[in-house]
Amino acid sequence: MSNKLKIGLFGYGIVGQGFKTVLDRSPNLNAEIVKICVKNNKQTEERNLVNSLLTFNAEEIFSNPEIDIIIEAIDDAEFALVIAEKALQNGKSLVTANKKMIAENFEKIFQLQQKYWKPILYEAACCASIPIIRNLEEYYDNDLINSVEGIFNGSTNYILTNMFDNGKSYAESLKEAQEKGFAESNPKLDVEGYDSKYKLTIVIAHAFGEFINPKEIFNFGINKINDFDIKYCNEKGLKIKLIAKSYKIDNKIYAYVFPKFTKINDRFFQVEAEKNGVSVESVFLDKQFFIGKGAGGIATGSALLADVSALKHNYKYEYKKKNGIEGFKISNEQILKAYIRFDNDKAVNKPIFHNIEETYTNGNTKYIIGEIYLDKFIESGLAKREDVNIVLC
Ligand code: HSE
């Protein structure tokens, strides 16, 4: 690499602009953006950029011999994979914030790095400002991780904070999360738990060394929470948080994304607004908790910058745990304590329950609290029913 790092940037939305802002204020890194590729023809002045920096032609970045690093900050996971492939083919390293692209193509991302001997770094793809991937990969290298659990999505945490602490509606809170640039272009990815699941897939790769297809992980979001659920929480001093969890027992990995009740003495209870929180539990270190901004242009931009800086020192992920002899498999054979709320005139199949602790009916609304078999719950199709909400206890 030349002395001054030359960067080609794809995408100039919230994240791309966040990265440029952070880079402009980090002169010591000695790096500059030499080209920005964008897809739509917005006015250059609107983007506040000089014309010579912008291009609509991706080849101008791939074929530029001056460029050492490509930063990918677009929201299209399919084209992001093309960028990853072409970057490495052209001898450039890649830094990306695209969790969907990484999670859905782990094996390929790994193979590309082996084939071209160029790194792909993606700290920004997981919990933005929290350096969780690098920690799992390096710091917990020799420790045996039992579980990683967290609030992995800033938008949903912002929405839930607004609903539970500020009494705002779901719709109003979602709109705010979009206006603040926290939400995905398709906010369904946030509120239905897909974004958290992609991040969990990345976490699993670096915590347990296994590349899991995200489709194998069950996700349930926050979009079904209604006034009844909020009243239930208020009466009991609870808040709901969207939790992604993976844990390992013997040779199996268990994982899910679910809303969960938290109490005041719970660390996740304290994680507010767009912040994320990650709890890592390992055999020798017990529990450790990370907290920080999980969404937004500056938080994500600084994570991209941290990866650029790491590349300057020739850093790459070694996927040390992947080379281990253990081959973990993912399993949904889990028993989870849950609150299931539904319309009284539409029954919930009893076989999903391992046991039932409490049943309550008020008018047309009913809830059952008990231990459920996750695999049976998934098979039952209950999650797809409009009237059903589930929250882990
Ligand atoms: N939409 C994501 C979130 C952005 O809200 O967490 C950061 O990955």
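The values are calculated or read from the model by the stated rules, or taken from the named source; none is laboratory data. Everything numeric in this text was worked out from a predicted model, so none of it was measured. Positions of Cβ are generated from backbone atoms using ideal geometry, with glycine treated the same way; all protein chains shown enter the neighbour counts. Protein only, heavy atoms only, side chains kept; ligands, DNA and RNA dropped before computing areas. Shrake-Rupley method; radii C 1.70, N 1.55, O 1.52, S 1.80 Å.
Compared with the direct C-alpha span, the chain from residue 350 to residue 375 gains 7.6 nm at full extension, assuming 0.36 nm per residue. Placing +1 on the Cβ of every Lys and Arg and -1 on the Cβ of every Asp and Glu, with nothing else charged, gives the stretch 60-184 a dipole about its Cα centre of roughly 120 debye. Residue separation of residue 322 and residue 21 scaled by 0.36 nm, minus their Cα-Cα distance, works out to 104.8 nm of gained length.
The C-alpha atoms of the chain occupy a region whose extents along the principal axes are 68, 51, 34 Å, arranged from largest to smallest. Taken as Cα centroids, the stretch 208-271 and the stretch 326-368 sit 15 Å apart, rounded to the nearest whole angstrom. Under a Gaussian network description of the chain, with springs only between Cα atoms under 10 Å, the residue in 191, 22, 257 that fluctuates furthest is 22. Partner aspartates and glutamates whose Cα lies under 14 Å from the Cα of residue 287, excluding those fewer than 8 positions away in the same chain, are identified as 143, 149, 266.
Taken about its Cα centre, the chain carries a charge dipole of roughly 200 debye when the Cβ of each Lys and Arg holds +1 and the Cβ of each Asp and Glu holds -1. GNM remark for the chain: springs join alpha carbons under 10 Å apart, and the peak mean-square fluctuation among 271, 38, 308 falls on 38.
Listed cross-link partners 231/337; 108/293; 99/239; 92/316; 20/168 are compared with a 22 Å cut-off, the Cα-Cα value being larger for 108/293; 99/239; 20/168. Modelled spin-label separation between residue 188 and residue 3, with each label point placed 7 Å from Cα along the Cα-to-Cβ direction: 5.3 nm.
Using unit Cβ charges (K, R positive; D, E negative) and no other charged atoms, how large, in debye to the nearest 20, is the dipole of the stretch 98-165 about its Cα centre?
420 debye
Okay, helix-only estimate at 222 nm for the chain: each DSSP H run of n ≥ 4 adds -39500 (n - 2.57), divide by all residues, round to 500 deg cm²/dmol; what do you get?
My calculation for the chain gives -9000 deg cm²/dmol from helical runs alone.
Across the alpha-carbon set of the stretch 147-213, the Rg to Rh ratio works out to 1.07, Rh being the Kirkwood radius. Roll a 1.4 angstrom probe over the protein heavy atoms and tell me the percent of accessible area of the stretch 1-152 that is carbon or sulfur. Taking all protein chains in place, the stretch 1-152 shows 45 percent carbon and sulfur surface. Working from Cα pairs under 8 Å separated by at least six residues, relative contact order for the stretch 114-196 is 23 percent.
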